[in-house]
1. If you keep only loop residues by DSSP, which trypsin sites (Lys or Arg not before Pro) in region 144-200 have at most 11 other Cβ atoms within 10 Å of their Cβ?
2. Using a 1.4 angstrom probe and counting only protein chains, how large is the accessible area of Leu16 in Å², to 10?
3. Tell me which residues come under 5 Å, amide H to amide H, from Ala6 once H is placed; ignore anything under 5 positions away on its chain.
4. For Leu57, which sequence-distant residues (separation of 5 or more, or a different chain) have an amide H within less than 5 Å of its own amide H, given hydrogens modelled in the peptide plane?
5. Per residue of region 42-51, what does 6.51 cos²θ - 1.76 cosθ + 1.60 with θ = phi - 60° give for ³J(HN,Hα)? Whole Hz please, x for Gly and Pro, Karplus curve as stated.
6. Hey, can you grab everything whose amide H is under 5 Å from the amide H of Leu86? Only 5+ residues off in sequence or another chain; H modelled, so Pro and N-termini drop out.
7. Please list, or write none, the lysines whose alpha carbon is within less than 23 Å of the alpha carbon of Lys134, excluding same-chain residues fewer than 8 places away.
8. By DSSP, what percent of the beta bridges with both residues in the chain are antiparallel, rounded to the nearest 5?
Amino acid sequence: MLGRSAHVDTFARDNLPPGDQWPDLPLDGFDYPEHLNAAVELTDRQVERGFGDHVALIGNGRRRTYKELSDWTNRLAHALVENYGLRPGNRVLIRSANNPAMVACWLAATKAGAVVVNTMPMLRSGELSQIVDKAEITLALCDTRLMDEMVACAKDSRFLKQVVGFDGTANHDAELDRAALDKPVVFDAVETGRDDVALLGFTSGTTGSPK
């Protein structure tokens, strides 16, 4: 039996496969609490444990500490909720190469209780549309260097309503970054249930309907 969900938008849990199709999950010895937000455990909790000055990310020519990552992702989470109306359980697509700014967006959306859908930067608008339609995604966060295909996808989408750019170079020179700059560095993260879906991972390289 699944535990209590914190998702207001129940799409992900409603579309889980039947229990008899699940893989074996050997969780003996892993006594997870009833509520668990993975992004909080990876950032704020590390600061609470005294690791705030330790390096959390290395990329784009600089190092970022856990305290820096915690503060910035909390600002971003505020922006996602307050400026873009993100609600727990909503799917958020992230279009970016692997970089610290993408990680920050993932952590922020997860703190806000979203279900994140990361996509590869080489996908074109038609392939992105397949993912958007299947996961019923209404909000996309996109590295501004990769906006063209994302905007083309949104133009004809019946689901995707907002495409918000972020600065993949981590210079905070894009819409999402500017919205976050004046937000508080403390955020009351959604107390997602330990069984709540946090990620949707679509198969890579597909030219048809993604799995």
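1. Arg158
2. So the heavy atoms of Leu16 present about 60 Å² to solvent.
3. Result for Ala6 returns Gly193.
4. Residues meeting the amide H criterion: Arg64.
5. My calculation for region 42-51 gives 7, 10, 4, 5, 5, 5, 4, 7, x, 9 Hz in order.
6. Those lying under 5 Å, H to H, from Leu86 are Val81.
7. Lys155, Lys161, Lys211
8. DSSP beta bridges in the chain are roughly 25 percent antiparallel.
The values are calculated or read from the model by the stated rules, or taken from the named source; none is laboratory data. As the structure is a computational prediction, the values presented were derived from the model and not from experiment. Counting neighbours? That spans all protein chains shown, and the Cβs are built from the backbone with ideal geometry, glycine included. Remember, those area values only see protein heavy atoms, side chains included, never the ligands or the DNA or RNA. Shrake-Rupley method; radii C 1.70, N 1.55, O 1.52, S 1.80 Å.
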